[in-house]
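Structure record follows, encoded as structure tokens.
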């Protein structure tokens, strides 16, 4: 048997590392090197899975594809991924939020392990070999067109990442496969206020817990679809980033794209406090901190510099003491704490961890084998499917899981 693997990213290399040598796998990669995104993931440390996957509903982490991944993740989840890499001499450790990293804190360990494992299984890697065409043959084979010429394979595994190549996506559309349009996910927000000097002075400030919310009009819902996410928020020189913003961008990926990334949103800097409790806390401060300047005595755990900025936006003069804080100033401050208004004017890539939603529709795939329902010897794995997740190791786990199930199915047919 001979198998073509299209794409030497996380899914492609993991599939090759799990295929039996009798599969005679050829890996085609358009770039000069394999596993570039894996190398950059986790800030170069490679957050390769998340232990919460094994104890929670996948829908909690995968805005698209959680239902389809439920059974596959039971077969090969986070514990199985850690065990697999441990077998390749890559020990791992768990950090906050269940995120799993190599114990050596280097993505190179994961990259080297996968390259060596694929090579040990007899796989051949062809770099700078962008696939031109994939054609199913009447005898059940798959004809692959590349810079190396045309070659027939008994099976092909598509692991190309996001379906951003329109010509390649059209290739599969002509086979009768449904393609969900790919759009960016996991991005930071550029804001109109980012150009303001006072606003830029907040760059680097992190809020441990905040909630970002927006109602974004779409063609299906002109009145606006509501999105919200909680977590840490980071002020940047261009706008806002951090876990809460990345989660929000994942949930709102399609709506934000449709709006050309121009929409209003708000940030609640005290999401665990109700309206009444926020008002009560401010009233208490007027008594407890009567002689203190409002701008110098932050509440709700807000950083002092951010608090002073919110006070200024609320019309509270720098010298104002809590005892003399008027009703108008107090109400404006409470409003800015709970509904800090911003306008998004664009998106910004989160480091090198760009992810897309969209790709081959999940309805086209048998998730027990990752086979294409219409073309039995054609398999799909990884980000080329309409599956994506929040940051935290979930996207790489989806790549490992779908690639492992695909490899198991091919091995069973040998």
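The values are calculated or read from the model by the stated rules, or taken from the named source; none is laboratory data. Model, not experiment: these values are computed from the prediction. Backbone-built Cβ (ideal geometry, glycine too); neighbour counts: all protein chains shown.
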Give the residue, chosen from 98, 42, that is assigned by TED's automatic domain parsing to the domain that holds residue 15, modelled with pLDDT under 95, in contact with a strand residue (DSSP E or B) (Cβ under 9 Å, 6 or more places away or on another chain) and under 24 Å from residue 246 (Cβ atoms).
42
Qualifying positions in region 246-288 - part of a helix (DSSP H, G or I) and closer than 16 Å to residue 348 by Cβ
246, 247, 248, 249, 250, 253, 256, 257
Quick one: would you say residue 367 is farther than 30 Å from residue 240 by Cβ, modelled with pLDDT of 95 or more and surrounded by 14 or more Cβ atoms within 10 Å (Cβ to Cβ)?
yes
For region 302-324, the count of residues that are over 21 Å from residue 198 (Cβ atoms) and outside any helix (DSSP H, G or I) equals 1
What's the number of the only condition in (1) farther than 30 Å from residue 218 by Cβ; (2) out of contact with any strand residue (DSSP E or B) (no Cβ under 8 Å at 6 or more places or on another chain); (3) part of a loop (DSSP other than H, G, I, E, B) that residue 295 fails to meet?
(3)
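With 276, 268 as the choices, which residue is surrounded by fewer than 19 Cβ atoms within 10 Å (Cβ to Cβ) and in the same structural domain as residue 327 (by TED's automatic domain parsing)?
Working: 268 fails: surrounded by fewer than 19 Cβ atoms within 10 Å (Cβ to Cβ).
Just a single option satisfies the conditions, and that option is 276.
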Just wondering, is there one or more residues in region 129-144 that are touching a helix residue (DSSP H, G or I) at 6+ places or on another chain (Cβ under 6 Å) and over 21 Å from residue 384 (Cβ atoms)?
no
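Can you tell me how many residues in region 10-33 are assigned to a loop (DSSP other than H, G, I, E, B), within 22 Å of residue 127 (Cβ to Cβ) and in contact with a helix residue (DSSP H, G or I) (Cβ under 6 Å, 6 or more places away or on another chain)? Let's see the steps before the verdict.
Taking region 10-33 first, the residues assigned to a loop (DSSP other than H, G, I, E, B) are 19-20, 24, 29-33.
Next cut, within 22 Å of residue 127 (Cβ to Cβ) only: 19, 24, 29-33.
Among the residues that remain, those that are also in contact with a helix residue (DSSP H, G or I) (Cβ under 6 Å, 6 or more places away or on another chain) are: 19.
Final tally of qualifying residues: 1.
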Flag for residue 244 being under 21 Å from residue 271 (Cβ atoms), without any contact (Cβ under 8 Å) to a residue 24 or more places away in the chain and in the same structural domain as residue 309 (by TED's automatic domain parsing)
no
The residue from 181, 208 that alone is surrounded by fewer than 17 Cβ atoms within 10 Å (Cβ to Cβ), at pLDDT 95 or above and part of a strand (DSSP E or B) is 208
Reported set for region 82-96 where residues are surrounded by fewer than 15 Cβ atoms within 10 Å (Cβ to Cβ) and part of a helix (DSSP H, G or I) is 83, 86, 87, 96
